[in-house]
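What follows is a set of notes on a single structure, which appears directly below.
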Amino acid sequence: MIHSSVLSLVGSTPIVLLNRIFPHPRIKLAAKLEAKNVGGSIKDRVALAMIEAAEASGELTPDKTIIEATSGNTGVGLAMVCAVKGYKLTLVMPDSASEERKRIMRAYGAELLLTPGRLGTDGAIEEAYRLAREEPHGYVLMDQYNNPASIAAHYRGTGQEILEQTGGRVTHVVATLGTSGTAMGLAKRMKESAPQVRVVAVEPYAGHRIQGLKNMQESYPPGIYDKHAVNRIIRVEDEEAFTCSRRLAREEGILTGMSAGAALAASLQIARELDGKGEDGLIVFICPDTGERYLSTTLFAPPAQHGLGVRSVASGKVEVLTAPPGGHALFTPGPSLDELGDLEAWRRIVWMDVLGRALAERGQKVRMAVGLADMDDRTLAAAREAGSGLAEFGAQALTTVTVHARRLGVSEATLFALANASQERDLGLDRKLLARGQAYEKLRSVYFDVTRDKTYGLTSGLDLAGMNVGHTVDLADYVKEHPADFTLLKRVTLQDLKLGDVVETEWGKVRPSWFLQLAAAALDALGSVSVMLGSESHRFPHLDNFNALWSAGAGVRPQAWVIVQPVAPRHAGGQVPSLKEALVLAGSGAALRLLLLSTSCQKTLSFSVESLAMWVKNQHRLQDAGNAASLGGGKGGIAPELEQAIYDLKTAFASALDDNLDLAHFWPRLFSFAKSVNAKAGRLSAAEAEAVGEQLMACDRVLGFLDQSRLPLAPRDWPAEARDLVLRREEARRSKDFSLADSLRHELARMGLRLEDHTLGARLYRQG
């Protein structure tokens, strides 16, 4: 068949069943591929309908120019139709629209007028309306937002096609909201021809980044839009939409844009709801365009390029962490050596551990260090009160800190650095800063001159006037040229001299300041610093002092400065326990670690015995799920609903990590997943157990919520000799030869394996 023009190829697009994304015996998802229109999107239907309606009314004549506001696809459709019919076309669109769509429109011969991207499509609409109003004899405004032809195109075409292609078996039709013509046309058709079909509209949240869609509250609602026409409106987050777009490409071979991902996300929600009710369904969702129009965006960028973002106080924004040549270097000050159990400091260390693990899981090199100031005033006072020498006191503190870290599951690769070991680095920084005129000596003390650092104050977002001078330091003890100058080397006291707690320098006998100690320790331990984590109390001037020392003294400029909020008692008059006390209350380091991670690091953690008890229970639930995954061994494959649950957990976790390590929305999903796994304990097939275990371990490698010593070895991982001993022991127990059974248990113990008997069979654990 030879067609008279490309316009005869508009419409009659195919519907394709999804096979991998939501495999279910009773509920099917199907995509209507509007990219198969000749112009590449569903807007071909609307463009042709609007132009033909304008021709029929006599409004459009060959001497006039068509003008329209668009986010992209309507413009492409209009440009294609105008090329065939010979009309001039001016398109007004945000400059933030994808480059592909701009180039396609220009290729068809359209003239583009770009409006500021920050104004979105609304800015383009305002400009198009202005031009059409001021030049009514020159322009014909298509006005897709108010044009009834936009509804008619889908009433006559899209809606009728769906009914015919599905043989009337469709139960739900899902369409995204932009101009809203698709949803309105579908609703009108289904109401007249198939009222049992539910039409669902998908709306993004305010401030969204899904090109082509509208949030009706933050933008001009289209005149053709009637929220009561559809059966339901589902809101979808950006990342859900983007993830689903990627899934369509990578699991179904369907390359679509962002709006199709949003429609799929809503369809999956409907499918899960139907499954929960035990109902059947055929859900058809609209895929408006092709993913080729978004290749210049980050939508289909490799996962490694998406980047993990953290909110930096220096910029006030979420900064995507790009891997430096030597890998990431993460640093945080540790607890004061006179208060090693400071829970606030340990919360900060645990969050650094999670960030480092997350980066490592993305295939990036990571080094982490915790600085321990061991020559500051507080440490000296504590050592002297204990009757201990400074070196001995520091060594004991380091041992205690290391034990605490292991109890909390902090990576063994994390270096805990005593600052006193970096004295040569201390002095090297001083010499360099003095030589550059950025520091000065006065009365045998050395100070950093903040007036010589043009960037001082920018790290914390405060200026010098924001420093409460006299509050942080006692000015009577210092003689400085500027009140905000901070100490690098402090001349010692007679007591320091008497006890020998001094550093010999060309400026006399001194002690390095807390700032200098830790800045030098970080450089010695890591070589550089890419992310600095501090507490709220460090915001000013601590962060700025570190930045000054690293940038001026070593040319080191961290990418991000992260504030981890403190731990506070939930109840008035309550107290925050020490780490040692909290570990006793929790019963395990894994449970306490969960509590420390339970809220965003940018929110204060409210501590109470009750909240700790709740997270102890949560940890037990997760531990049980790990046990269930270790012990599954039945026959069969992976149930579709479990396969979906595993993938949902995976995507939710990835989204949480990318979104400033925001775990608040992830914990409920993880606990729900654990609950479903625990419900099938003892009934998981080998394939299911392996898949569940892999995903739980993937989450645990970052979050560290499992006590690995309490996880049984999966039977598939038992050594052959151990398997034989267990079988022999089971036979001995059946024969009531308990002496032999005990002997075989001892033999397993000599192999480093602990055996426990459970109703579901013997379990083997590696002995710690």
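Quick check, is residue 24 touching a Pro at 6+ places or on another chain (Cβ under 9 Å), more than 17 Å from residue 150 (Cα to Cα), surrounded by fewer than 22 Cβ atoms within 10 Å (Cβ to Cβ) and of a type outside the set (A, V, I, L, M, F, W, C)? Yes.
Scanning the stretch 85-111 for residues that are hydrophobic (A, V, I, L, M, F, W, C) and either surrounded by fewer than 23 Cβ atoms within 10 Å (Cβ to Cβ) or over 34 Å from the mean Cα position of the chain (by Cα) (or both) returns 89, 91, 92, 104, 105, 107, 110. Residue pairs whose Cβ atoms lie under 6 Å apart, separated by 6 or more positions or on different chains, with the first residue in the stretch 315-339 and in contact (Cβ under 8 Å) with a residue 12 or more places away in the chain and surrounded by fewer than 22 Cβ atoms within 10 Å (Cβ to Cβ) and the second charged (D, E, K, R) and in a loop (DSSP other than H, G, I, E, B), are 327/365. Among the residues of the stretch 158-174, not a single one is more than 19 Å from residue 89 (Cα to Cα) and not assigned by TED's automatic domain parsing to the domain that holds residue 232. Checking 264, 282, 248 one by one, the residue that is touching a strand residue (DSSP E or B) at 6+ places or on another chain (Cβ under 9 Å), under 15 Å from residue 203 (Cα atoms), in contact (Cβ under 8 Å) with a residue 60 or more places away in the chain and not small (Gly, Ala, Ser) is 264 and no other. What pairs can you find where one residue is in the stretch 402-429 and in a loop (DSSP other than H, G, I, E, B), the other is of a type in the set (Lys, Arg), and their Cβ atoms are less than 7 Å apart, with a gap of 6+ or different chains? Matching pairs, first to second residue: 408/593; 409/593; 411/357. All of 520, 548, 525 fail the test of being in the same structural domain as residue 445 (by TED's automatic domain parsing), out of contact with any Asp or Glu (no Cβ under 9 Å at 6 or more places or on another chain) and among the small types (Gly, Ala, Ser), apart from 525.
Condition check ((1) within 28 Å of the chain's Cα centre (by Cα); (2) assigned to a loop (DSSP other than H, G, I, E, B); (3) surrounded by fewer than 19 Cβ atoms within 10 Å (Cβ to Cβ)) across all residues:
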| site | (1), (2), (3) |
| --- | --- |
| 522 | yes, no, no |
| 545 | no, no, no |
| 573 | no, yes, yes |
| 591 | yes, no, no |
| 611 | yes, no, yes |
| 617 | yes, no, yes |
| 620 | yes, no, yes |
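When the stretch 387-401 is filtered for residues that are under 28 Å from residue 488 (Cβ atoms) and outside any helix (DSSP H, G or I), the ones remaining, listed by number, are 388, 389.
For the stretch 374-391, state whether one or more residues are of a type in the set (Asp, Glu) and surrounded by fewer than 18 Cβ atoms within 10 Å (Cβ to Cβ). Yes, the conditions are met somewhere in the stretch 374-391. Taking the conditions exactly as written (within 20 Å of residue 47 (Cα to Cα) and part of a helix (DSSP H, G or I)), does residue 133 satisfy them or not? The answer is no for residue 133. Considering the stretch 378-398 alone, what residues qualify as being touching a residue at least 12 places away in the same chain (Cβ under 8 Å) and not hydrophobic (A, V, I, L, M, F, W, C)? Answer for the stretch 378-398, where residues must be touching a residue at least 12 places away in the same chain (Cβ under 8 Å) and not hydrophobic (A, V, I, L, M, F, W, C): 378, 379, 384, 394. Residues that are of a type in the set (Ser, Thr, Tyr) and within 24 Å of residue 626 (Cβ to Cβ) were ranked within the stretch 726-768; the one that is modelled with the highest pLDDT is 765.
From the list 561, 550, the one residue that fits, being assigned to a helix (DSSP H, G or I) and either out of contact with any Phe, Trp or Tyr (no Cβ under 9 Å at 6 or more places or on another chain) or aromatic (Phe, Trp, Tyr) (or both), is 550. Applying the criterion of at least 1 residues that are more than 30 Å from residue 63 (Cα to Cα), among the small types (Gly, Ala, Ser) and touching a helix residue (DSSP H, G or I) at 6+ places or on another chain (Cβ under 6 Å) to the helices (runs of 4 or more DSSP H) found wholly in the stretch 141-244 leaves 159-165, 181-193. Scanning the stretch 38-60 for residues that are assigned to a loop (DSSP other than H, G, I, E, B) and without any contact (Cβ under 8 Å) to a residue 40 or more places away in the chain turns up just one, 58. Exactly one residue out of 293, 272, 311 is within 20 Å of the chain's Cα centre (by Cα) and of a type outside the set (Ser, Thr, Tyr), and it is 311. Within the stretch 626-641, at least one residue is assigned to a helix (DSSP H, G or I) and surrounded by fewer than 18 Cβ atoms within 10 Å (Cβ to Cβ). Residues that are within 14 Å of residue 757 (Cα to Cα) and in contact with a helix residue (DSSP H, G or I) (Cβ under 7 Å, 6 or more places away or on another chain) were ranked within the stretch 729-742; the one that is surrounded by the fewest Cβ atoms within 10 Å (Cβ to Cβ) is 733.
Picking from residues in the stretch 112-130 that are aliphatic (A, V, I, L, M) and assigned to a helix (DSSP H, G or I), the one that is surrounded by the most Cβ atoms within 10 Å (Cβ to Cβ) is 124. Of the set (1) assigned to a strand (DSSP E or B); (2) of a type outside the set (Asp, Glu); (3) over 37 Å from the mean Cα position of the chain (by Cα), all apply to residue 82 but (1). Taking the stretch 159-179 as the range and being closer than 19 Å to residue 234 by Cβ, at pLDDT 95 or above and among the hydroxyl-bearing types (Ser, Thr, Tyr) as the test, the residues that pass are 171, 176. Per the listing 687, 720, the residue uniquely over 24 Å from the mean Cα position of the chain (by Cα), surrounded by fewer than 16 Cβ atoms within 10 Å (Cβ to Cβ) and hydrophobic (A, V, I, L, M, F, W, C) is 720. Would you mind stating whether residue 683 is of a type in the set (D, E, K, R) and at pLDDT 90 or above? Taking the combined requirement at face value, the residue does not satisfy it.
Of the set (1) under 26 Å from residue 45 (Cβ atoms); (2) in the same structural domain as residue 173 (by TED's automatic domain parsing), all apply to residue 299 but (2). Out of 234, 224, 210, report the one residue that is at pLDDT 95 or above and outside the structural domain of residue 98 (by TED's automatic domain parsing). None of the other options fit; the residue is 224. Each residue in the stretch 706-765 was checked for being assigned to a helix (DSSP H, G or I), among the aliphatic types (A, V, I, L, M) and over 30 Å from residue 586 (Cα atoms), and 10 pass. Restricted to the stretch 343-366, and to residues there that are in contact with a strand residue (DSSP E or B) (Cβ under 9 Å, 6 or more places away or on another chain) and of a type in the set (Asp, Glu), the residue that is surrounded by the fewest Cβ atoms within 10 Å (Cβ to Cβ) is 344.
If you go through the stretch 102-111 and pick out every residue that is at pLDDT 95 or above and either more than 18 Å from residue 87 (Cα to Cα) or not in a helix (DSSP H, G or I) (or both), you end up with 4.
The values are calculated or read from the model by the stated rules, or taken from the named source; none is laboratory data. For clarity, every value in this text was computed on a predicted model and none was experimentally measured. All Cβ positions, glycine included, derive from the backbone under ideal geometry; neighbour counts span all protein chains shown.
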